[in-house]
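Every number in this text was worked out from the coordinates using simple rules, so none of it is lab data. Quantities reported herein were computed from a predicted structural model and do not represent experimental measurements. Positions of Cβ are generated from backbone atoms using ideal geometry, with glycine treated the same way; all protein chains shown enter the neighbour counts.
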Amino acid sequence: MFAGQTYAVGAFEGRYAELLSLVEPLADGNQSVELTFRVAHAICSLEVGKLAAPRALLDETITRGIDAIPYDVTRSTILLGYSILALDLHDVHAAEVLLEAIEPFADEVSFNGMTSQGPVAAYVGKLLTLVGCYDDANAASTRPRRQPSPSAGNTTARRH
């Protein structure tokens with residue numbers, strides 16, 4: 001819990017280089033927790049110019065398939081993390097795959113019980129821009145949002 005909260009705060013502050021040493025040892029363990037911290041590690045790596053780990057993780061996930069991501073409270077956090085990787089790596093194919101998974105939830109705000117990753121529509125719009133669907137991207141950015149209830153956990157994971 002502490003590591004997750006520290007990552008969330010540090011990421012908002014842009015302290016990825018410092019966070020890298022926090023998330024590296026956490027990449028082994030519970031499948032969802034491990035995956036969450038593998039994605040966090042990949043994002044930190046991107047931010048400090050290390051592209052090999054993010055590229056490998058994104059390629060592995062796209063090859064394995066999005067359905068391999070656990071359908072639990074961390075699912076939308078993980079999917080949006082992969083969206084960040086696809087955007088920063090300019091991976092059009094990964095963006096297309098991720099769009100299929102997150103676009104149905106564009107009217108929701110991602111919340112994993114601890115932190116919010118913000119409106120899913122923001123990621124949908126960015127991914128649509130990457131794949132060249134500019135009009136759709138603009139429409140996605142103006143969609144109304146539904147806030148998850150605090151007791152509902154991750155509505156994206158619950159609805160899959």
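Can you sort Thr115, Thr77 by how many other beta carbons sit within 10 Å, fewest first? Present the calculation step by step, with values, prior to reporting the outcome.
Working: Thr115 16, Thr77 27.
Sorted ascending by nearby Cβ count, the order is Thr115, Thr77.
Which of Glu47, Glu100, Glu108 comes first, and how do the rest follow, when ranked by fewest Cβ neighbours within 10 Å?
Numbers: Glu47 18, Glu100 9, Glu108 21.
Lowest count first: Glu100, Glu47, Glu108.
Full extension of the chain between Ser116 and Glu96 yields a length gain of 4.9 nm, computed as 0.36 nm times the residue separation minus the alpha carbon distance.
Note on Asp107/Glu13: beta-carbon distance plugged into 1/(1 + (r/R0)^6) with R0 of 30 Å gives a FRET efficiency of 0.55.
Remark: Tyr16, Tyr123, Tyr71, Tyr134 ranked as Tyr134, Tyr71, Tyr16, Tyr123, counting other beta-carbon atoms within 10 Å and listing the fewest first.
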